[in-house]
Structure formats: C-alpha cells, structure tokens
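Input: a single structure, listed below in structure tokens.
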Amino acid sequence: MKKIILSEEIKAGAPHLKVLHIEADVKNSPTSDAMWKEIEEACALIKDRYRLQDINKRPGIAGTRRAYKALGKDPNRYRPSAEALCRRIINGKGIYRLTTLIDAINLISIITGYSIGGFDLKKVSGETITLGVGRHEEKFTAIGRGALNIEGLPLYRDSSGGIGTPTSDEERTKLTPETQHLLMLVNIYEEDMPANETIELIKKILSRHAALSSFNYEIISNE
C-alpha cells in the first residue's frame, strides 16, 4: 500500500482527523439499476431528515468546514463535496448517474457525511502521499471544474503534485471506466459513522456492485 503522511500544518489545523486509506481491486462499469436504487433511497433519507440550513451541521461536514476555516479557506465558497452533494439533493437537483465507482463514492459520502477522494491507483505517482495544505497559485485542475484555487485547502499530493481535496479531485488521477485498482481516502475531520463501520460499509458496497476481489485498508489518526 501507499504510505500516507499527515503534514504538521494538517496536524495543527485538524486535531481530530482520521483518514481511511483503502486500496481495492475492482471492476468499473455503468451504474446498475440495483445500485441506483440504493442511491435514490439514500437521497430520500437525506431529504426527509435534513433541511438545507442543517446540512452543514452534520458532524462529518461540520468538522471539514472547521478544518477549512483553521487553514484559511472559506467553506461557503469552497464547499466540501459531501456538503455539496447533500445540498443538491435537498434542493431537488439530484445527482448525476456516472459509473459504478464514482457513484459508489457518492453513495458512501451521502450516507456518512464524509468527503471522499477516489483515485485510479495506477495513475498515482510514487509510493508516498502527503496530506498538506494548498499553496498560493499552486496548479490544480479539478474534475469538471477546470482550474481550482486550492490555497488553504487540505491537499493530498503524490510525487507529481496535487491529486485531491475534500472539495474536488484532480483530473490527472481521476477514475475512468477502465479503472481496476481503486484508491480511496476518506476524510473524517469529525466522526459521525465510526471508522470501522465506514470501512465495512465501503467493503459491502464494492462487493455488491464493483466485483471486489481484494481489499486492504488502514486508519491513519491524528489523535
């Protein structure tokens, strides 16, 4: 497995952070009707349980927002991906149906409130990934968004540069229909669903829908 390192800036700005580091051999495909039904059920629960003004109070989302503020980023301008997903659901905009792996990550994020990085492991450079903080004018091409100002955002870097933030992942290491080796980094800035339960949830979803054939994980804790 890759080695995950937390920078001193992150340790200071996110004292309760846990990162779930998961590497899995899977099969990507168009999202099945069975999986989409699970997503629709999760979306319905969110709409029933929360009002728009309450979404940012979910522990996983609230903790991420606090980390953004501690690192100098406005979470109302650069929303964590879990918050953005839930806001879309409550606003009646729905979410896009893409591929199994992307939609699996969205499903897990909706259920847990955690922002999750999903990467094609074969595209990640080097053996070490460091979670640091985005720098002024550091280049980052966000998936579907183009250039993203990542200054002050928590940022995973491989040996070639940034690969993901809780707001968006990078084009260079994104999941594609051909992805067979998945790297997931689950950002738990404040715990809602316990880490071990989250890992089991991920394993079950990938087993049901992504032909999971191997699954390795570790929990990196700043506590």
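The values are calculated or read from the model by the stated rules, or taken from the named source; none is laboratory data. Since the model is a prediction, treat every value here as computed from it, not as a measurement. Positions of Cβ are generated from backbone atoms using ideal geometry, with glycine treated the same way; all protein chains shown enter the neighbour counts. Note: areas computed on protein heavy atoms with side chains; ligands, DNA, RNA excluded. Shrake-Rupley method; radii C 1.70, N 1.55, O 1.52, S 1.80 Å.
Annotation note: trypsin sites (Lys or Arg not before Pro) in the stretch 1-77 located in DSSP loop regions with a Cβ neighbour count of at most 10 within 10 Å are R51, R77.
Net charge of the neighbourhood of G162, taken over other residues with C-beta under 10 Å away and scored Lys/Arg +1, Asp/Glu -1, is 0.
For the stretch 65-164, the per residue solvent-accessible surface stands at 43 Å², with DNA, RNA and ligands left out and a 1.4 Å probe. Looking at the stretch 69-140, the GluC sites (Glu not before Pro) that sit in a DSSP loop and have at most 12 other Cβ atoms within 10 Å of their own Cβ are E127, E137.
Candidate values [x] 10.8; [y] 11.5; [z] 15.3 were compared with mean projected area of the Cα convex hull in nm² computed on the shown model; the agreeing label is [x].
Treating cross-link reach as a plain straight distance, find the aspartates and glutamates whose alpha-carbon is under 18 Å from the alpha-carbon of K174, omitting any fewer than eight places away in the same chain. Qualifying aspartates and glutamates at Cα under 18 Å: E23, D25, D103, D120, E127, D158. Listed by chain and number, the lysines placed with their C-alpha closer than 19 angstrom to that of K73 are K11, K57, K139; residues fewer than eight positions away on the same chain are left out. When all alpha carbon pairs of the stretch 94-223 are counted in 5 Å bins from zero, the resulting P(r) reads 2, 10, 20, 24, 22, 15, 6, 1, 0 %.
Secondary-structure-derived ellipticity at 222 nm for the chain, considering helices only, amounts to -10500 deg cm²/dmol, per-run term -39500 (n - 2.57) for DSSP H runs with n ≥ 4.
On the protein heavy atoms, probe 1.4 angstrom, tell me the percent of accessible surface of the chain carried by carbon and sulfur. Exposed carbon and sulfur together represent 48 percent of the surface. Of the DSSP H helices in the chain, none is both long (alpha-carbon extent of 30 Å or more along the helix axis) and hydrophobic (Kyte-Doolittle mean at least -0.5).
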